[in-house]
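Colleague: Sharing a structure below in structure tokens format, with a few things to ask.
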Amino acid sequence: DPTAQRRPLESIQVESPNLTYAEDALYAKYTFHSASVDKVQGQDGHVRYQVKPVEKHLEFKTERKVPKTGLMLVGLGGNNGTTLTATVLANRHNISWGTTNGIQTPNYIGSLVRASTMRLGVDSNGDDVHVPISDVLPMVHPNDLVIGGWDISGVPLDQAMRRAKVLEYDLQRQLAPLMAEYKPLPSIYYPTFINANQEDRADNVIPGSDKQAHLEQIRRDIREFKAKNELEQVVVLWTANTERYSLLLDGVNDTADNLLAAIKNSHDEVSPSTIFAVASILEGVPFINGAPNNALVPGAIALAEREGSFIGGDDFKSGQTKVKSVLAEYLVNAGIKPRLIASYNHLGNNDGKNLSAPAQFRSKEISKASVVDDMVASNHLLYKKLDKKKADSADGFVKGASTETPDHCIVIKYLPACGDSKKAIDDYTSEIGMGGQNTLAIYNVCQDSLLATPLIIDLCLLAELMTRVTYKEEGSKDFERLYSVLGLLSYMLKAPLTKPGRPPINSLNRQRQALEAFLRACLALQPSSDLVNFTQLN
Ligand code: NAD
């Protein structure tokens, strides 16, 4: 039984008075350092910044026992759903396959948790020591995930995998008998939310139009899956078609109670993805939205806060946008001013087919566009504040933009012959010194589902971990759960969902640093710093 051992070997031992190893948990005392800044305009007109270092004394508790975990995908029969299931099965059963280049063995390349390392510290020679992220704290192994989920298309996963045209024939051939055992549960289908061209797939739907009954069915599905597989934890993840945005309506989806009432009344603007989110929140299992649609409407966020459930979103950050979040940061942090970012995509999978209608494309456009906002906002030397009149007329993507923004356009075209290979062509044109210009032209070809699959794994493993970490401030009695919106998952997400009113962090570097800082804090270690390299200290 590969899932028998629920407490993985911990290969890192921290010797510190601040870290206590108890039988059930790690207790880490941690001082969080930050700076509080007041911007003051003096009488001479000069702006001065008054900075006060702030210290918060915290304690983190990390449960050491790794729960038997299930991953329920909404969209199990799609390209991502089948590729994820196939990847886990191939790894679990160690299935190799023949390709034109020779024998290929399974792996989790592309997963931050399973295939990347972090710098733990230095050894006695002063050399860096790196460890796999998966070794830093006790985490679920993806081979142990019990996979299930829903799809409006009912074909078993061997056929769905064939339809997806992602994996090599020899691998499909070997996996087919294992994949055939997976059959998606019937799902919720409200045709106005996805492209009309998806209708012929919808042969596996929960009957009727009573949204309350649909909610209850999904809740039952989660409970039954948990019971049947003897699971201690379940993560639900939306990797189904991109829906159009739900209209945000006062009295409908603005508060937790209004949203619950809107479901009871089967209001038109409650989408399937919101029902899955609400079902997960009410069942107390994490829900992650891997598509750009606004599944997590304000009422759903408020409900998660009220129930103490975990949510994360939106939209996997797999290819072009990941590059954009790195490039925009590099340029702006180098003092170079991107003036124009044009992103053209063509793809030929079912996701592309669904995105070929304006309403679904618009969801994707919004999610892809927001990624440079915080970079622009971080540098007022390059991007000037706009006066109020100009701001109101600014034709930017940022609503009510108060600063200049680069011209930014996103185009997605469906070209079936492309298959699951997405081709993205980007032009970054920037202003450089003395009125000069620099153009970076990027051509990015990526096998979409093979990039998205490791992100799904990371989202699941990290979300599960975050359910086991609690914290308290010095002096308080009880440990509290982390905040419901799991902002620490942003590294994997294009349009990170945040606490209402808080700006998202899009910079890939900052997202990774935050994750590393969190993992280290749970071991009572301060964030890694290179300061020592610039001094004569050892
Ligand atoms: P896909 O079209 O192959 O799969 C989606 C699946 O969802 C289909 O099998 C469809 O039948 C099913 N579905 C639609 N509505 C449903 C519902 N209400 N309930 C249950 N199932 C439903 O698409 P994909 O390539 O697997 O991508 C999945 C999602 O992930 C898309 O929304 C896409 O925009 C998003 N995404 C993908 C990537 C990537 O790199 N692959 C990156 C970012 C976001």
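Colleague: For a quick check: sort Cys460, Cys409 by the number of other beta carbons within 10 angstrom, fewest at the front. Provide the component values of the computation, followed by the final result.
Modeller: Details: Cys460 28, Cys409 13.
Starting with the residue having the fewest Cβ neighbours, the order is Cys409, Cys460.
Colleague: What list of ³J(HN,Hα) couplings, whole Hz, do you get for region 85-97 from phi and the Karplus terms 6.51, -1.76, 1.60, once you set θ to phi - 60° and write x for glycine and proline?
Modeller: So the Karplus estimates, Gly and Pro as x, are 4, 4, 5, 5, 5, 4, 5, 4, 9, 6, 8, 9, 9 Hz.
Colleague: Taking the convex hull of the alpha carbon atoms in region 233-392, what volume per residue do you get, in Å³? Write out the running numbers ahead of the final one.
Modeller: Details: hull volume 25.5 nm³, N = 160.
It comes to 160 Å³ per residue, whole-number rounded.
Colleague: Test of understanding: ordering Glu232, Glu63 by Cβ neighbours within 10 Å, fewest first, what list do you get? Mind dumping the intermediate values first?
Modeller: Numbers: Glu232 13, Glu63 17.
If I rank by nearby Cβ atoms, fewest first, I get Glu232, Glu63.
Colleague: With a sphere of radius 12 Å drawn around the Cβ of Ile336, what net charge do the other residues whose Cβ falls strictly inside it have (Lys, Arg +1; Asp, Glu -1)? All intermediate terms of the calculation are to be shown ahead of the outcome.
Modeller: Numbers: positive: Lys337, Arg339; negative: Glu329, Glu431.
Within the 12 Å Cβ shell, the charges total 0.
Colleague: If a/c stays under 1.5 just call it rounded; otherwise compare a/b with b/c (prolate if a/b is bigger, oblate if not). Do that for the chain, with a ≥ b ≥ c from the square roots of the Cα gyration tensor eigenvalues.
Modeller: Numbers: a/c = 1.36, a/b = 1.14, b/c = 1.20.
It comes out rounded by the Cα gyration axes.
Colleague: From the phi of every residue in region 219-227, what ³J(HN,Hα) in whole Hz does the Karplus formula 6.51 cos²θ - 1.76 cosθ + 1.60 yield, where θ is phi - 60° and glycine or proline is x?
Modeller: Using θ = phi - 60°, the values come out as 4, 5, 4, 5, 5, 5, 4, 5, 5 Hz.
Colleague: Something else now. Got a sec? How would Val74, Val372, Val323, Val129 order by Cβ neighbour count within 10 Å, fewest to most?
Modeller: On the way: Val74 32, Val372 26, Val323 18, Val129 10.
Placing the least packed residue first, the sequence is Val129, Val323, Val372, Val74.
Colleague: A further question follows. Under unit Cβ charges (Lys, Arg +1; Asp, Glu -1), what dipole magnitude, rounded to 20 debye, does the chain have relative to its Cα centre? The partial results should precede the final answer.
Modeller: Numbers: 57 positive and 63 negative charges, 115 e Å.
Dipole about the Cα centre, nearest 20: 560 debye.
Colleague: Show that you can apply the helix-only estimate: for the chain, add -39,500 (n - 2.57) for every DSSP H stretch of four or more residues, divide by all residues, and state [θ] at 222 nm to the nearest 500.
Modeller: On the way: 15 runs with 162 residues, N = 538.
Dividing the helical sum by the residues of the chain leaves -9000 deg cm²/dmol.
Colleague: Using 24 Å as the Cα-Cα cut-off, could you pick out the over-long pairs in Lys353/Lys422; Lys165/Lys226; Lys68/Lys183; Lys422/Lys494? Could the numbers behind the result be given before it?
Modeller: Working: Lys353/Lys422 12 Å; Lys165/Lys226 31 Å; Lys68/Lys183 21 Å; Lys422/Lys494 16 Å.
Going by Cα-Cα distance, Lys165/Lys226 fall outside the 24 Å limit.
Colleague: Please work out the Kirkwood hydrodynamic radius for region 276-362, using every pair of different C-alpha atoms, and report it in angstroms with one decimal place. If you can, show how the numbers build up before the last one.
Modeller: Values: mean 1/r = 0.0638 Å⁻¹.
In region 276-362 this quantity evaluates to 15.7 Å.
Every number in this text was worked out from the coordinates using simple rules, so none of it is lab data. None of the values given here were measured: they were computed from a predicted structure. All Cβ positions, glycine included, derive from the backbone under ideal geometry; neighbour counts span all protein chains shown.
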